[in-house]
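Structure first, commentary second.
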Amino acid sequence: MNQLRDPDVIIAAWLEDGPDDLPAATRRSIVVGMRAVSRRRPGPLPGGIQMPSILRLAVAAALVVALGAITLTVIAPRPAQVGITGPSESASPTAASPTPRLIDPSRTPSPLVGTASTFVHPFTYRLPADAGLVVDGGDPTWYQFRVPIPGTEHWANSIIVRRITGGRADPCSETSPATLLSGGPDAVIRYLEHIPQLIVTEKPATKISGLTASTATFTPHRKEAACPDLWLWAEEGSFTQNSSWDAIGKITVVDVGGDHVIFMTNSPTVDVSWFATAQEFIDSVKFE
Amino acid sequence: MTVGMVERARAGDELAFESLVDLHGGRCFGIAYRILRDADRAQDAVQQAFLLAWRELARLRDPERFEVWLHRLLVNACYEEARQRRRWISRVAPIPDDGPVMADPVVSVDDRDALERAFQRLTPEQRAAFVLHHHAGFPLDVTAEIVGVPVGTVKSRIHAATRGLRAAILADEQIGTEVRTA
């Protein structure tokens, strides 16, 4: 007799089947390793601590950048929006929330200047001073820069950098087949223009890191039962789930080595100040 | 209790940190094992996460966020493990160091094989979201905080993982039916 079984029950049982005790050997390795690890301090590193050479290089690089910033601040004329100042505590990528820097501190040698070295097309960037942006996760296909709201687990604004491989035949469907977006950056903007649920405006051409880029502002509209959410890219993630149907999005598309790399940000209102900050970040990007 | 231990460990108390290892180590190992499906690599990931936690603990401003912070280090370590050594090994049954594990009778050997293969086809990010939510029991918003992506993305990853695993079970069942009726 063929008895139907509930796949979810089988999956749950399979998932629970496994070890839940730390092996004694691992515990010993951790305890032994603790003695060999130089601990970070919240303030300057005191003398006498033995740092690995790569960490010494990272610290030296950070000091050079910091000294340069101080010199510029003291010597150079100070236009209102350009001065480089130290980031606030909450803005520092070295703050409590862990970032890729914890895995490899050399990736972002200073709070303001960093390298997305694990991205498929590595790039350097400069975080706009006083914007409160932190590096908040990244992998070969995306990097995320966010502005955390102090004292909460939420964030105010974000900039996502992604390598996309295409759009969706039906952007209203999470399970829709992908569609190739052949051509340069304009192909991505044209794809957005053909989505009935988006209004696409302001499409100036620009250059990022010396590469031709296309930009656009877009606003989702016409939320309806047949289209509860918008899935813009072949890759995972819904624009309207991650922001909302009321958000105003800005996208910059650049062709890097034949790949479409997008910079996306959004705001619930026309936040000129935030969009200017995001643009300052995007303009600082240099692909290696 | 944890907050006090975190504060003492942050001040350099090694015994307090060892207590944190004892308190959270088993759960971390269970999560890492289920993400990586490999006991050796899970041990490496847990070790890396705890040593990073020890090194960086002085910079953790809010001791109450230790657990989320530690799990985020763990997930990042799992990602590193998954990407550095893409040598997925299908295991019919887990082989932990400490004691045998009883296989659940609900899951047949065929089911287990099908699920292991399907799980290996998922991305590390999908595996992590699925394990943190469904095995470790973290709510979606906490899972999102741990993996550092919006809640919507976490939902999407869990959905994709669930879909892939269900499909594997159903396909396996279909093959079994065909064999029996042939």
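Taking the average, over residues, of other Cβ atoms within 10 Å as the packing measure, peptides A:253-260, B:23-30 rank B:23-30, A:253-260 from highest down.
For segment A:149-230, the list of trypsin sites (Lys or Arg not before Pro) that fall in a loop by DSSP and count at most 16 other C-beta atoms within 10 angstrom reads A:R222, A:K223.
The string of couplings for segment B:9-19 from the Karplus curve (6.51, -1.76, 1.60, θ = phi - 60°) is 5, 4, 7, x, 6, 5, 5, 5, 5, 4, 5 Hz, one whole number per residue in order, with x for Gly and Pro.
The H on the amide N of A:S173, modeled in the peptide plane, is under 5 Å from the matching H of A:W231, each at least 5 residues off or on a different chain. Ligands, DNA and RNA aside, A:I160 has an accessible area near 40 Å² when probed at 1.4 Å.
Amide H to amide H, with H built 1.01 Å from N, A:T179 comes under 5 Å of A:G167, A:R168, A:A169, counting only residues 5 or more places away or on other chains. Each residue of segment A:167-184 was assigned a 3J(HN,Hα) from its phi angle through the Karplus curve 6.51 cos²θ - 1.76 cosθ + 1.60 (θ = phi - 60°); the sequence is x, 10, 4, 10, x, 8, 10, 5, 9, 5, x, 7, 10, 6, 10, 6, x, x Hz, with glycine and proline shown as x. Remark on segment B:106-138: accessible area falls by at least 30 square angstrom from chain-alone to full-complex state for B:V106, B:V107, B:D111, B:R112, B:L115, B:F130, B:H135, probe 1.4 angstrom. With r as the distance between the Cβ atoms of A:S182 and B:H159 and R0 = 35 Å, compute the FRET efficiency 1/(1 + (r/R0)^6) and round to 0.05. So, using R0 = 35 Å, E works out to roughly 0.75.
Per residue, what volume in Å³ does the convex hull of the Cα atoms of segment A:160-201 enclose? List each step's numbers first, then the result.
Working: hull volume 4.0 nm³, N = 42.
Convex hull volume per residue, Cα atoms: 96 Å³.
Here the calculated FRET efficiency for A:D20 and B:L170, from their Cβ-Cβ distance with R0 = 41 Å, stands at 0.90, rounded to the nearest 0.05. Interface A-B: total buried accessible area of about 6500 Å², 1.4 Å probe, protein heavy atoms only.
Express the carbon and sulfur contribution to the solvent-accessible surface of segment A:168-285 as a percent, rounded to the nearest whole number, probe 1.4 angstrom. Each step should come with its number before you reach the end.
Working: 2800 of 5160 Å².
Result for segment A:168-285: 54 percent of the exposed heavy-atom area is carbon or sulfur.
What segment A:143-288 shows is 44 Å² of accessible area per residue, with the surface traced by a 1.4 Å probe over protein heavy atoms.
The values are calculated or read from the model by the stated rules, or taken from the named source; none is laboratory data. As the structure is a prediction and not an experimental result, all values here were calculated from the model. Because the Cβ atoms are built from the backbone with ideal geometry, glycine has one as well, and the counts that use them run over all protein chains shown. Please note that ligands, DNA and RNA were not included when accessible areas were found on the heavy atoms of the full protein model with its side chains. Shrake-Rupley method; radii C 1.70, N 1.55, O 1.52, S 1.80 Å.
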